[in-house]
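The values are calculated or read from the model by the stated rules, or taken from the named source; none is laboratory data. As the structure is a prediction and not an experimental result, all values here were calculated from the model. Ideal geometry is used to build each Cβ from the backbone, glycine not excepted, and the neighbour counts take in all protein chains shown.
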Amino acid sequence: MNLPGKIYLGIDCGATTSKVGAVDTDGEPVSPRLRQSSTRSTDGAQAIVDGWMRGAADFLRAEGFRWSDVAGVGLAIPGPYLDYGVLGKMPNMPESLKGWHFLDDLTDAVAEAAGRTIPTVTANDGQLAGFAEARVVQAGHGGSVFMLSPGSGLGCAYVRADGQFDPGDNHAAACLCHLPAPVELFDVPPLQCGCGYDWNCIEPYTSLSGLPQLLRHYLPRYPEHPLHRSSATDKEKALSLRGLAQEGDALAREIFDLQATALGYAIAMANRAYDPTHIIIGGGIVDPEATTEAFRIRYFKCMKEAAAKYVWTDFSKMRFHQARLGELSQAIGAALLVRQSETG
Ligand SMILES: [Zn+2]
């Protein structure tokens, strides 16, 4: 148990689950333990805020802190935003949340829980993951960073060599995930993206959001596959694919080879747009508790081969890293952002 002291909380509101983390005054994570709860986005805004506050209270209790120790709260949440702290139409969340003043609601809920006003900040979850992970990679190395995190969608972040990220004038910078994929390089029909734009965004090719579509395309090629007899939903079948790929299932492997290749193309796009030295891959795919080393080696090999073909600069100068903070990176990034805003 930690001794009480000033900490900065970070809440990560993903489309599927919400997580809580914290950093101390030096910016070091307070706890490596991952605590997550369902975001319950279909139950509306109040249910989501209640979930954040429950998660924060559980975290404080488990780590030996109180609200009086909390100097700031950061929130990581997917964009796009209509304005700072106001949701736009998020690709993987209900449309009814569009226009929600989520930062005001968080600020009010935190003030009620703590009995005083506590500073709050927010940013795109992908950018905050990059902000936290870049701090690890840049220590002793320097160089700018692009991070790609395949999860429900494809989180993206660009972090300058000085460790800062530029959120863009509308908090939507570095959003390569919704740029068109080079569809002519894939042996699959164009995939639809949850954002609603019809120019074949690269996000579904690289993330969970596209797995049901890829499964519908590839499954008929494997007539003996057990998934033909499964009564699971499309989403459940899609979620089973990573486990199957790690067991050597040929169908699942073909799908993840394609996803890794697509991520390689996204890296080449990042290279052309930002010319970073470091590429960090985050998300569950690089989590040692979620994937085997053999799976990760195969995934990175496919990804790098695709990237090497299309980068604009000398590929040998690019440095590849697996995220170190695991699924806590967005929450830690949110905590670091509010720490920075309060301490300069
Ligand atoms: Zn899109």
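Details
- Cβ-Cβ contacts under 9 Å between residues 6 or more apart (or on different chains), taken from a first residue in the stretch 76-104 that is closer than 19 Å to Arg40 by Cα to a second residue that is among the charged types (D, E, K, R) and within 13 Å of the ligand (Cβ to nearest atom), are listed as Pro91/Glu203; Glu95/Lys89; Leu97/Lys89; Lys98/Lys89.
- Complete set of residues in the stretch 6-27 that are more than 14 Å from the chain's Cα centre (by Cα), in contact (Cβ under 8 Å) with a residue 60 or more places away in the chain and either farther than 12 Å from Leu328 by Cβ or not in a strand (DSSP E or B) (or both): Lys6, Ile7, Tyr8, Leu9, Thr25, Gly27
- Residue that is modelled with the lowest pLDDT [pool: residues in the stretch 182-220 that are of a type in the set (D, E, K, R) and either outside any helix (DSSP H, G or I) or not assigned by TED's automatic domain parsing to the domain that holds Met303 (or both)]: Asp187
- Of the residues Asp24, Asp58, Asp69, the single one that is farther than 19 Å from Pro119 by Cα, in contact with a strand residue (DSSP E or B) (Cβ under 8 Å, 6 or more places away or on another chain), at pLDDT 90 or above and among the acidic types (Asp, Glu) is Asp58.
Let's see how each residue does on (1) farther than 19 Å from Gly210 by Cα; (2) β-branched (Val, Ile, Thr); (3) in a helix (DSSP H, G or I):
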| position | (1), (2), (3) |
| --- | --- |
| Leu258 | no, no, yes |
| Tyr265 | no, no, yes |
| Ala268 | yes, no, yes |
| Arg298 | yes, no, yes |
| Ala308 | yes, no, yes |
| Ser316 | yes, no, yes |
| His321 | yes, no, no |
| Ala331 | yes, no, yes |
| Ala334 | yes, no, yes |
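- Selection from the stretch 183-205 of residues that are in contact with a Cys (Cβ under 9 Å, 6 or more places away or on another chain) and either more than 13 Å from the ligand (Cβ to nearest atom) or of a type in the set (S, T, N, Q) (or both): Gln192, Asn200
- For first residues located in the stretch 166-180 and farther than 16 Å from Gly210 by Cα and part of a loop (DSSP other than H, G, I, E, B), partners that are modelled with pLDDT of 90 or more and within 11 Å of the ligand (Cβ to nearest atom) and lie 6+ apart or on another chain with Cβ distances below 9 Å form the pairs Gly168/Cys175.
- Qualifying residue in the stretch 106-117 (condition: in contact with a Pro (Cβ under 6 Å, 6 or more places away or on another chain) and outside the structural domain of Cys201 (by TED's automatic domain parsing)): no
- Criterion: free of Cβ contacts under 8 Å to residues at least 60 places away in the same chain, within 16 Å of the ligand (Cβ to nearest atom) and not charged (D, E, K, R) - qualifying residue of Leu215, Leu208: Leu208
- Filtering the stretch 134-150 to residues that are in contact with a Gly (Cβ under 9 Å, 6 or more places away or on another chain) and surrounded by fewer than 24 Cβ atoms within 10 Å (Cβ to Cβ) leaves Arg135, Val137, Gln138.
- Hits in the stretch 154-182 (condition: within 16 Å of the ligand (Cβ to nearest atom), farther than 15 Å from Ile281 by Cβ and touching a Gly at 6+ places or on another chain (Cβ under 7 Å)): Ala172
- Hits in the stretch 295-344 (condition: among the β-branched types (Val, Ile, Thr) and within 22 Å of the chain's Cα centre (by Cα)): Ile297, Ile332, Val338
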